[in-house]
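Some notes on the structure that comes next.
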Amino acid sequence: MEHKADLKDIVKLFLKLGIIGFGGPVAHIAMMQNEVVTKRKWMTEQHFLDLIGATNLIPGPNSTEMAIHIGREKGGWKGLIIAGLCFILPAVFITGIFAWLYKQYGQIPTVQPFVYGIKPAIIAIILGAIFPLAKKSLKSIELIIIGLLVLLCSLLNINEIYLMFGAGFSALLLAYFRNNKQNNINSFLPVILVQINTTILSATNANLFWIFLKIGAILYGSGYVLFAFLDTELVSTGLLTRQQLIDAIAVGQFTPGPVFSSVTFIGYQINGLTGAIVSTIAIFFPSFVFVALLNPIVKKMRNSILFSAFLDAVNVASVAIIIAVCFDMGKDTITDWQTFLITILSIVIAFGYKKINSAFVVLGGSLIGYLLTLI
């Protein structure tokens, strides 16, 4: 039986990750893998992979849901709440400060010289974390083929949800025919997602709560999908200007923690402090509910022959999609000799000096990036 972690340790870990977690969900998960699997030995590589697969099957921000899963595993129900809040709140607090400054002065501070070097460093951190996960997930020729197909399809911009479930059900069918016997397939309840269009909106907290609760409950995909939803729900209805949305995206990109904290910025612009609080609670609340419902059945799925095959394929698909995201990040980020140099240095450190905290890689990349922009 696995030992529970001290709640103080959970607080320290996820506050730290919430403060240093630059680079989006893929980078956050890479940092969690380093802290939880490599350093603390809180769980095996395989179980960490299973949790990644599980988060990809439900709506909401993946890295936040991973934090909640880990908290639930190591600290029970208290751990579930504490890990989630500690990971979310630093980003919300920092975003709230930017939201206040923006409301006062109508612009956001210039941080581009520092962000310039962070992105290449983040790519190195992701590669360093995904390498052992990839080795662990590729258990058979079938899984290697599934992984390569998912990687190719992901690079062709096919929706990640189709790829996840397609890989999982393909492996499930193969396992079923291989075993040639009927198994009870229970404890797998598809989530029925219904989006209700709201035609008349006013800038009240009740409406903000409903808008962001709905988005948090049905949103699959990256932060960019979130911004498409926000454009439809807020800009086209006149609650937010497109410039405010663009600035909210910028804040979400250069602050640490989950990109969903952009919603704090938006809520503040629409309805002040109470709007920020209500919007933030609404968009993150579904993640806590989904993880609370899903976490207990992940191990049961692993113990079932059929669902173990399903989970293995989803894990491989998750790794393939992360590699595809990393490739796209590289195309957008590594555009000159300076970013190439930062990337190579960061990869050497991430692979050659695994005990170095990823925060130092991020800070080092940021500092070198800033210095190189002065040349």
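One table, with the values for the structure above:
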read-out: Criterion violated by S140 - all others in (1) open to solvent by 50 Å² or more (accessible area, probe 1.4 Å); (2) at pLDDT 85 or above; (3) within 16 Å of L306 (Cα to Cα) satisfied; value: (1)
read-out: Top-ranked residue in the range 324-375 [being of a type outside the set (A, V, I, L, M, F, W, C) and in a loop (DSSP other than H, G, I, E, B); ranked as least open to solvent (accessible area, probe 1.4 Å)]; value: N357
read-out: Single condition V291 does not satisfy, out of (1) touching an Asp or Glu at 6+ places or on another chain (Cβ under 6 Å); (2) open to solvent by 10 Å² or more (accessible area, probe 1.4 Å); value: (2)
read-out: Residue among K16, K4, K12 that is surrounded by fewer than 18 Cβ atoms within 10 Å (Cβ to Cβ) and in contact with a Lys or Arg (Cβ under 7 Å, 6 or more places away or on another chain); value: K4
read-out: Qualifying residues in the range 243-265 (those that are over 21 Å from I58 (Cβ atoms) and β-branched (V, I, T)) - the one surrounded by the fewest Cβ atoms within 10 Å (Cβ to Cβ); value: I246
read-out: Any hit, the range 13-22, residues being of a type in the set (K, R), out of contact with any helix residue (DSSP H, G or I) (no Cβ under 7 Å at 6 or more places or on another chain) and without any contact (Cβ under 8 Å) to a residue 12 or more places away in the chain; value: no
read-out: Condition check for P286: out of contact with any Cys (no Cβ under 7 Å at 6 or more places or on another chain), at pLDDT 90 or above and within 21 Å of P59 (Cβ to Cβ); value: yes
read-out: Where a residue in the range 328-350 is within 13 Å of I126 (Cα to Cα) and its partner, wherever it lies, is outside any helix (DSSP H, G or I) and open to solvent by 50 Å² or more (accessible area, probe 1.4 Å), with Cβ under 7 Å and at least six apart; value: T343/I334; I349/I356
read-out: Matching residues, the range 43-77, being farther than 26 Å from N303 by Cα and surrounded by fewer than 24 Cβ atoms within 10 Å (Cβ to Cβ); value: none
read-out: Test: residue in the range 314-322 that is out of contact with any helix residue (DSSP H, G or I) (no Cβ under 9 Å at 6 or more places or on another chain) and under 23 Å from F131 (Cβ atoms); value: no
read-out: Flag for G96 being among the small types (G, A, S) and either surrounded by fewer than 18 Cβ atoms within 10 Å (Cβ to Cβ) or free of Cβ contacts under 8 Å to residues at least 24 places away in the same chain (or both); value: no
read-out: Candidate set from the range 117-137 (those that are at pLDDT 80 or above and touching a Cys at 6+ places or on another chain (Cβ under 9 Å)); member that is least open to solvent (accessible area, probe 1.4 Å); value: I123
read-out: Residue within the range 174-189 that is within 21 Å of E45 (Cα to Cα), small (G, A, S) and at pLDDT 75 or above present; value: no
read-out: Test: residue in the range 266-280 that is in a helix (DSSP H, G or I), of a type outside the set (S, T, N, Q), open to solvent by 60 Å² or more (accessible area, probe 1.4 Å) and modelled with pLDDT of 85 or more; value: yes
read-out: Condition met for I58 (assigned to a helix (DSSP H, G or I) and either within 30 Å of Q338 (Cβ to Cβ) or of a type outside the set (D, E, K, R) (or both)); value: no
read-out: Within the range 202-224, considering residues that are exposed (fewer than 14 other Cβ atoms within 10 Å of the Cβ) and assigned to a helix (DSSP H, G or I), the one modelled with the highest pLDDT; value: A206
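Yes/no per residue for (1) under 22 Å from S137 (Cα atoms); (2) at pLDDT 90 or above:
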{"position": "H3", "(1), (2)": "no, no"}
{"position": "K8", "(1), (2)": "no, yes"}
{"position": "K12", "(1), (2)": "no, yes"}
{"position": "K16", "(1), (2)": "no, yes"}
{"position": "G23", "(1), (2)": "no, no"}
{"position": "V26", "(1), (2)": "yes, no"}
{"position": "G53", "(1), (2)": "yes, no"}
{"position": "P61", "(1), (2)": "no, no"}
{"position": "A67", "(1), (2)": "yes, yes"}
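The values are calculated or read from the model by the stated rules, or taken from the named source; none is laboratory data. Not measured: the values here are computed from a predicted model. As a convention, Cβ positions derive from the backbone with ideal geometry for all residues, glycine included, and neighbour counts pool all protein chains shown. We work out accessible area using only protein heavy atoms, side chains counted, and drop any ligands, DNA or RNA first. Shrake-Rupley method; radii C 1.70, N 1.55, O 1.52, S 1.80 Å.
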